1. Determine the calculated [θ] at 222 nm for the chain from helices alone, applying -39500 (n - 2.57) to every DSSP H run no shorter than 4 residues and normalising by the residue count; nearest 500 deg cm²/dmol.
2. State which entries of Lys19/Lys41; Lys16/Lys44; Lys19/Lys44 exceed 19 angstrom in Cα-Cα distance in the structure shown.
3. With N residues in the range 1-117, what two-decimal value do you get for its Cα radius of gyration over 2.2 N^0.38 Å?
4. Expressed as an acute angle from 0 to 90° and rounded to the nearest 10, what is the orientation of the C-alpha long axis of helix 85-94 relative to the principal long axis of the chain?
5. Counting only protein heavy atoms, what percent of the accessible surface of the range 21-78 is carbon or sulfur at a 1.4 Å probe?
6. Which whole-number value in Å² is the accessible area per residue of the chain, probe 1.4 Å?
7. For a quick protection proxy, order the peptides 46-59, 123-136 by their average other-Cβ count within 10 Å, most packed first.
Amino acid sequence: MMHLEHLNLVVSDLEKSLKFYKAAFPHWHVRGGGEGEWYGKPRKWIHFGDDYNYLAFSDHGEGTNRDLTGAQVGVAHFAFITNDLQALKARLAESGFQPSKDGADSPYRNNIYYIDPDGFEVEFVEYLSDIPEQRNHYD
């Protein structure tokens, strides 16, 4: 079996990123971090997650993220499964974050999209069925 361990995101401000992801994942914590260089540019980095999964953030980001309405090569979005989408939306709203768009209508899942402080689109999905054929059904 194989599963995703982490994503490594280059951001402009670690604290702004942490504000968003701490609201989304209140059970996660900063697992470690440090300082170094990336191809000659100084950077600070942290790992934010639990014992099994994490997001790596490096603060040496410059410029803006790709235009999500365009067709440039790059990350379109990444998604996380939650068992309580309403609670997640409430935590993010309390921290000042609003959804960027609703997900598609489905009898088997609810989902919503947010744009994080550095322009990454993050989807959150709550499945309403444990049956794979239903969970993976798209019209």
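The values are calculated or read from the model by the stated rules, or taken from the named source; none is laboratory data. Given the structure is predicted, the values throughout are model-derived calculations rather than measurements. All Cβ positions, even for glycine, are placed from backbone atoms using ideal geometry, and neighbour counts span all protein chains on display. Side chains included, ligands, DNA and RNA excluded: accessible areas come from the protein's heavy atoms. Shrake-Rupley method; radii C 1.70, N 1.55, O 1.52, S 1.80 Å.
1. Working: 3 runs with 25 residues, N = 139.
So the helix-based figure for the chain works out to -5000 deg cm²/dmol.
2. Values: Lys19/Lys41 25 Å; Lys16/Lys44 14 Å; Lys19/Lys44 17 Å.
Beyond 19 Å between Cα atoms: Lys19/Lys41.
3. Numbers: Rg = 15.4 Å, N = 117, 2.2 N^0.38 = 13.4 Å.
Dividing the Cα Rg of the range 1-117 by 2.2 N^0.38 Å gives 1.15.
4. That works out to roughly 40 degrees.
5. On the way: 1950 of 3750 Å².
Heavy-atom surface of the range 21-78 belonging to carbon and sulfur, 1.4 Å probe: 52 percent.
6. On the way: 8990 Å² over 139 residues.
Counting only protein heavy atoms, the per-residue value for the chain is 65 Å².
7. Values: 46-59: 17.1, 123-136: 13.6.
Listed from highest to lowest mean packing, they are 46-59, 123-136.
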